[in-house]
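Colleague: Could you have a look at this structure, given as structure tokens, before my questions?
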Amino acid sequence: MTHVIDGNAVAETVRDDVRAAIDELEAEGVTPGLATVLMGGDDGSATYVSMKQRACDEVGIDGTTVEIDPDAPAEALYETIDELNADPDIHGILVQMPLPDHVPKREVLSRVDPLKDVDGFHPENVGRMVSGNSRFKPCTPHGIQKLLASADVDPEGMDAVVLGRSEIVGKPMANLLLQKTDGGNATVTVCHSRTQDLAEKTRAADLVVAAVGRPEMLTGDMLSEGVVVIDVGTNRVDADNEKGYELTGDVDFKSAREKASVISPSPGGVGPMTITMLLYNTVKAASLQSG
Ligand code: GUN
């Protein structure tokens, strides 16, 4: 029997812990505050930002969204970040990616106060994570570690294959799986667009995390019996419905499920965890700043 992970249910248990931590902070007179900055972005960005805002409201985080005209100069974004860095009621700052082409991403990520960097994208926080001393683990890979633990999957000693090398998912996921800590200790291979014989690598894997942004590219014939599969993809594909599209993962669920012992579907797996770990990091940021 394949265990299909219910991301919403796992997210709800983590949110219970987050609510308890917020109660403790409230007792000390601190309400965690998260600012989300939206400057343009793709079709999904505005939707993600409103989902983050709703999740904050739901657990008792004071969420604010700052919108910046996508045609404004980069300095407008820098000024907003400076103001949020200086605001004692704001404990976490998230700048939604992608940014318009004229805005240098690295400048932006370095500008956020590392103690408020709830995405974990500031070079200081990336360095801390890679050297095994994380402050804020990036939300999506951290959420995946929680999903694996919920299904009693311990990556220790596993051959893990990460498909995709993005800064947001692939690279930090590979790093966390490699760490000498709980949820790590795997032997990690990272595959990407230039990888040769991809199916040979995935067939040798005990654990596959698919984060490439290509609809249903990972199919059952590329997997071994008993594999653990985590689908990070949320691809918009044209559909004959009201919205005109539907969301599809990077994994062909039907054929992959036939091989997998554990599978996290998309939608309904990683998605709810990413936002939940953002709430978790915001509460951690509030604790760091008030303690
Ligand atoms: N865009 C897609 N995923 C993310 C994320 O985790 N954080 C930010 N800031 N932008 C994103």
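Coordinate-derived values only; no laboratory data. Predicted, not measured: the structure shown is a model, and the values here were computed from it. Using ideal geometry, Cβ is built from the backbone for each residue, glycine included, and neighbour counts are taken over all protein chains shown.
Colleague: Based on the mean of other Cβ atoms within 10 Å per residue, sort peptides 165-174, 59-68, 264-273 so the most packed one is first.
Modeller: Values: 165-174: 20.9, 59-68: 18.0, 264-273: 23.5.
So the peptides 165-174, 59-68, 264-273, ranked by packing, come out 264-273, 165-174, 59-68.
Colleague: Okay, next question. For the peptides 284-290, 274-280, 195-201, what is the packing order when you average, over each peptide's residues, the other Cβ atoms within 10 Å and list the highest mean first?
Modeller: Ranking the peptides 284-290, 274-280, 195-201 by packing returns 274-280, 284-290, 195-201.
Colleague: Now a separate question. Enumerate the aspartates and glutamates that Lys52 could reach by cross-link, defined here as Cα to Cα under 17 Å, with residues fewer than 8 away along the same chain left out.
Modeller: By straight Cα distance, Lys52 reaches Glu12, Asp16, Asp42, Asp43, Asp62, Glu67, Asp117, Asp119.
Colleague: Oh, and also: Quick one: which residues, 5 or more positions from Ser264 or on another chain, have an amide H under 5 Å from its amide H? H modelled 1.01 Å from N in the peptide plane, none for Pro or chain starts.
Modeller: Residues meeting the criterion, in which the H sits 1.01 Å from N, are Ile5, Val229, Ile230, Asp231.
Colleague: Can I ask one more? Where does each of Phe253, Phe136, Phe121 land when they are ranked from fewest to most other beta-carbon atoms within 10 angstrom?
Modeller: Details: Phe253 19, Phe136 28, Phe121 23.
Least crowded to most crowded, the residues run Phe253, Phe121, Phe136.
Colleague: Per-residue counts of other Cβ atoms within 10 Å, averaged by peptide: what ranking do you get for 182-193, 27-38, highest first? Could you put the intermediate results ahead of the total?
Modeller: On the way: 182-193: 17.0, 27-38: 18.6.
Ranking the peptides 182-193, 27-38 by packing returns 27-38, 182-193.
Colleague: Helix-only mean residue ellipticity at 222 nm, the chain, DSSP H runs n ≥ 4 weighted -39,500 (n - 2.57), per residue, nearest 500. What is it? All intermediate terms of the calculation are to be shown ahead of the outcome.
Modeller: Details: 10 runs with 121 residues, N = 291.
Taken over the chain, the calculation gives -13000 deg cm²/dmol.
Colleague: Work out the count of Lys pairs in the range 135-246 where the Cα-Cα distance is under 28 Å, with the pair 8 or more places apart or on different chains.
Modeller: Close lysine pairs under the 28 Å cut-off: 10.
Colleague: If you average the alpha carbon positions of the range 225-247 and of the range 73-138, how far apart do those two centres end up, in angstrom?
Modeller: 29
Colleague: A further question on this structure: Whole angstrom only: what separates the Cα centroid of the range 249-284 from the Cα centroid of the range 18-57?
Modeller: 20
Colleague: Report the full-extension gain for the segment Thr187 to Thr2: residue separation times 0.36 nm, less the Cα-Cα distance, to one decimal in nm.
Modeller: Numbers: separation 185, 0.36 × 185 = 66.60 nm, distance 2.36 nm.
The Thr187-Thr2 span can extend by a further 64.2 nm.
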